[in-house]
Amino acid sequence: MMSARIPRNPEPAGGSTSPDVAAPAAQPPIDEPRAAWAVGTVMAAIPCSARDAGRVLGAAAKAAGVTSAEVAAALAADSRGVPMPARVERALHRAVAAARAVQPRTTHIGLMPSRARTAEVLAEFRGCQARLTDAPSDMRARQALDDAAYTLCVLLGRTGVHDAVLAAEQHLAARA
């Protein structure tokens, strides 16, 4: 099972270990429920895996020059109507857009699954996504979405969840 922790920004390279030089202030601990909520929210919105959601939050934090904990706190506050700092919002939008970017494949290697099986797996994925949208910090809902996303990726031979969802929708829309 994946950890609910959001990856923190890496410490700057070349830090001094000399006792007479003050050590940089430690990052505040990540509020576990808030981090789990933020990861779940990103998973449901993009869609993506928990690992990729953590990467999105980490990339947004790095781009905004803040910690992942601050991005999670801003996202949680935004859901309650408190506006996000502009630089965090811009960084988060860019990170989400980058995660959604798909390299389209023109050919599919292997056999395509039946439309019935594709519809079944996509419906399961959408149901898990809706449950996670309703309760972003629910670890069971998060794991269920991760499992459904993995199944969808394997079924359609795709490496990214967003790409697998698009491929499933295209497969279902195609005429026989």
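Each reported figure results from applying straightforward, stated rules to the coordinates on display, with no laboratory input. Here the structure is a predicted model, which is why all the values come from computation and not from measurement.
Working note: Karplus 6.51/-1.76/1.60 with θ = phi - 60° gives the stretch 133-140 the couplings 5, 6, 9, x, 8, 6, 5, 5 Hz, where Gly and Pro are set to x.
Starting from the Cα gyration tensor of the stretch 70-170, take the square roots of the eigenvalues, sort them a ≥ b ≥ c, and report rounded, prolate or oblate (rounded when a/c is under 1.5, otherwise prolate if a/b is larger than b/c, else oblate). Oblate shape, in that a/c is at least 1.5 and b/c is the bigger or equal ratio.
Could you tell me whether the stretch 39-87 comes out rounded, prolate or oblate from its Cα gyration tensor? Rule is a ≥ b ≥ c as square roots of the eigenvalues, rounded for a/c under 1.5, then prolate if a/b exceeds b/c, otherwise oblate. Don't skip to the end; give the middle numbers.
Numbers: a/c = 2.28, a/b = 1.24, b/c = 1.84.
Because a/c hits 1.5 or more and a/b fails to exceed b/c, the stretch 39-87 counts as oblate.
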